[in-house]
Amino acid sequence: MRMSRLFLRTLRDDPAGADIASHRLLLRAGCIRQVASGMYAWLPVGQRVLAKVAQIVREEMDAAGAQEMTLPITQPLELWERSGRNDDYGPLMFRLEDRKQVKFCLSPTAEEVITTIVAGELKSYRDLPVNLYQINWKYRDELRPRFGLLRAREFLMKDAYSFHVDVDDLRRTYQDMFDAYSRVFTRCALTFRAVEGESGEIGGDINHEFMAMAEIGEDDIVWCQKCDYAANAEVARRKSEQHDGGSADAELEKVHTPGMPGIMAVAQHLGTPEGELLKCIAFHLDDGVGLALLPGDRELNEAALRKAVAPRTARLFEDDDFAAHPGLVKGYIGPDATGVALVIADPLVSAPHAWVTGANEKDHHVRNAALGRDFSVAEWADLVAVVPGDPCPSCGSPLSIDRGIEVGQVFQLGTKYAEAMGALYTDEDSEQHPMVMGCYGIGISRIVTAVVEEHHDELGIAWPSALAPYDVHLVAITGKGKATGEVSEAADKLYDELTAAGVSVLYDDRDASPGVKFADADLLGMPTRLTLGAKGVARGVVERRNRKTGADDELPLDGAAEALRG
Ligand SMILES: [Zn+2]
């Protein structure tokens, strides 16, 4: 492609409102342009990257036995009402009406549609399993679209859905998809981890998120330095030990802590470390009130609390809630507060310890509160948020926490959608059962963001070979004077030879200064830059620079195309 003809305008300066490197560089390199908040046009250079990611995904899905199809983006809302997810999605879903006032939505995902189609086509256990996928645009009406493609309202996804007679069969396909995902992200040159995600209705450690490691990521990933353990922070566990409590020899002692509802103020006032305090967090538990106990230097993992009390539901107290519960004194709650239906505690609270905690009376705390003597716990569960250095639940080694971008997810769905949409099969004994489903997503446009986050420097993008819009960026330094014609001629010839050899080339044939051309080559980030000037032509060589390493060498013009064929 000749740059003089390419629909491309690079930007010298950082665009306003682009806070992260990938957003900034994709705009500056002319890959994308914003059309509306969270909605982007893919311009020709960006389109080539998007297409390459999609093609890698397509190849790996096909190799794993999945079959490609295309579903409509506009979906009847009635299907979503049938599954109950119209309400679940709430304002996150774009909804519209046709001229007959029939309601539709723009697809945020496609379980309802695909399950309805499969229900109409497949009836027997002999038809299963089947694994279907599409690469298509998806929509979420995010409240605050941000970070460019990372949290966009329109995004390209690969979504796959598999249908099975039972869970064992689902797990075989699940493993195949897990392996295919690992190949996809490896081919895209991403540093990634497969981490345990929130359990589905089947339960167990069998739903995984694929995280591209990146500081700007929106998810915290807990991982073990020694073994394979890795999990989203929401569901991450630490190795915990259960003790019997007790061991406070001293008497319970009330202390005056005026105007100190916070852990830090009390700890400072009493001269004790925050970890000596017992935090008592009030929450609604269906009809009653619960208290969650944890050491004062730890934070509550709300997802862990919800999981611990399930199927009961937990909702943390807000300021207004305290008025209705006079037994709970905001900021001064003790573990023995009145009117509490459930006291649940993290095992850290079971260690022999004399706690400082609330006295259930405004402006007062108590010292020397002992488990078993002064308060009791009805249920134990891991409640604290994991912090770096906590012991790994598998091997006890220290855990680390890093940030990541979720680029894919594999999920065991069970029979929820099959039951809602009537996807039933008949077994060998002519009995009907709902199909068991899996679903598998990959964020294609998100991968582009993650790749740029990992592969860039202060000059611009440094595309990995597999995703680069072009293999080679050919810069002709035509300069002024009599050599101009010779250089252009030699560069034209090299461009033709490279193209004929199957090397894709972005050829900077513009009438621009070397400085402008080099700056654009660094910004656009093709893996190899070839520079041809008058001296090189005279000596019969072309300069080659590796964008990633900056290493320079020379190639003879004769045979350069063959050498770069790769
Ligand atoms: Zn470990």
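So what's the gap between the Cα centers of segment 132-207 and segment 94-115, to the nearest angstrom?
About 22 Å separates the Cα centre of segment 132-207 from the one of segment 94-115.
Rounded to the nearest 0.05, what FRET efficiency do E198 and T338 have when you use their Cβ-Cβ distance and R0 = 41 Å?
With R0 = 41 Å, the Cβ-Cβ based efficiency is 0.75.
Using every Cα-Cα pair within the chain, state what percent have a distance larger than 35 Å.
That fraction is 54 percent.
Among I32, S22, V49, which residue has its Cα positioned farthest towards the positive end of the charge dipole of segment 1-54, with +1 placed on the Cβ of Lys and Arg, -1 on the Cβ of Asp and Glu, and the dipole taken about the Cα centre?
It is V49, whose Cα lies furthest towards the positive end.
Using a/c under 1.5 as the rounded threshold, could you call segment 410-566 rounded, prolate or oblate? The axes a ≥ b ≥ c are square roots of the C-alpha gyration tensor eigenvalues, and prolate needs a/b larger than b/c, oblate otherwise. Let's see the in-between values first.
On the way: a/c = 4.34, a/b = 3.10, b/c = 1.40.
Cα axes put segment 410-566 in the prolate bin.
Once Rh for segment 57-148 is found with the Kirkwood sum over Cα pairs, what is the Stokes-Einstein diffusion coefficient at 37 °C and 0.692 mPa s, in µm²/s?
218 µm²/s
How far is the Cα center of segment 391-414 from the Cα center of segment 264-293, in Å?
Rounded to whole Å, the Cα centres lie 28 Å apart.
Roughly how many Å is it from the Cα centre of segment 437-485 to that of segment 6-54, as a whole number?
Cα centres, segment 437-485 to segment 6-54: 12 Å.
Within the chain, which complete DSSP H helices have Cα atoms spanning at least 27 Å along the helix axis and a mean Kyte-Doolittle hydropathy of -1.0 or higher?
44-63, 167-187
So, how do all the Cα-to-Cα distances of segment 76-220 break down into 5 Å bins, in percent, from 0 on up?
Here the calculated profile for segment 76-220 is 2, 7, 13, 16, 21, 18, 13, 7, 3, 1.
Within a Cβ distance under 13 Å of A16, other residues only, what is the Lys/Arg minus Asp/Glu net charge?
Every neighbour counted, the sum reads -1.
Taking the Cβ of each residue in D402, D382, D88 as the centre, tally the other Cβ atoms inside 10 Å and list the residues starting with the fewest.
By the 10 Å Cβ count, ascending: D88, D402, D382.
How big is segment 472-564 along each principal axis, measuring the range of its Cα positions in Å and listing the largest first?
Its Cα atoms span 34, 27, 21 Å along the three principal axes.
Could you put M260, M61 in order, starting from the residue whose Cβ has the fewest other Cβ atoms within 10 Å?
Least crowded to most crowded, the residues run M260, M61.
For each pair in K158/K416; K52/K493; K493/K548, compute the distance between the two Cα atoms and list the pairs where it is over 24 Å.
As for pairs spanning more than 24 Å Cα to Cα, those are K52/K493; K493/K548.
About the Cα centre of the chain, what is the dipole size in debye to 20, counting +1 per Lys and Arg Cβ and -1 per Asp and Glu Cβ, all else neutral?
It works out to roughly 2360 debye.
Please compute one quarter of the surface area of the Cα convex hull for segment 253-380 and express it in square nanometres.
Averaged projected area of segment 253-380's Cα convex hull equals 7.1 nm².
For E361 and V387 in the same chain, what is the full-extension length gain: residue separation times 0.36 nm, less their Cα-Cα distance, in nm?
6.2 nm
What is the local net charge at L77, summed over the other residues whose Cβ is closer than 15 Å to its Cβ (Lys, Arg +1; Asp, Glu -1)? Let's see the in-between values first.
Working: positive: R82, R85, R95, K100, K103; negative: E78, E81, D87, D88, E97, D98, E111, E112, D141.
Residues near L77 contribute -4 overall.
Considering only lysines 8 or more places apart in sequence, or on different chains, count the pairs in segment 253-380 whose C-alpha atoms sit under 19 Å apart.
Taking segment 253-380 as the scope, the lysine pair count is 6.
What's the FRET efficiency of C227 with A303 using the Cβ-Cβ distance as r and R₀ = 25 Å, to the nearest 0.05? Let's see the in-between values first.
Numbers: r = 23 Å, r/R0 = 0.91.
With a Förster radius of 25 Å, E is 0.65.
Treating only the Cβ of Lys, Arg, Asp and Glu as charged (+1, +1, -1, -1), what charge dipole size does segment 526-566 show about its Cα centre? Round to the nearest 20 debye. Let's see the in-between values first.
Working: 8 positive and 6 negative charges, 44 e Å.
Charge dipole, segment 526-566, about its Cα centre: 220 debye, nearest 20.
Rank the residues T74, T531, T115 as a footprinting-exposure proxy: fewest other Cβ atoms within 10 Å of their Cβ go first.
T74, T531, T115
Between E489 and S37, what is 0.36 nm times their sequence separation minus the Cα-Cα distance? Round to one decimal in nm.
Computed gain between E489 and S37 is 158.2 nm.
Using DSSP, restrict attention to beta bridges with both residues in the chain and report what percent are antiparallel, rounded to the nearest 5.
80 percent
Explain nothing, just the number: dipole magnitude of segment 360-414 about its Cα centre with +1 on each Lys and Arg Cβ and -1 on each Asp and Glu Cβ, in debye rounded to the nearest 20.
That gives a dipole near 120 debye.
Local charge sum around R187 (other residues, Cβ-Cβ under 11 Å, Lys/Arg +1, Asp/Glu -1)? Working shown, then result.
On the way: positive: K52, R183; negative: E59, E60.
Net of charged neighbours comes to 0.
A short reminder: the numbers here are calculations on the coordinates, not readings from a lab. All values derive from a computational prediction rather than experimental measurement. FYI the Cβ positions are ideal-geometry reconstructions off the backbone, even for glycines, and counts take in every protein chain you see.
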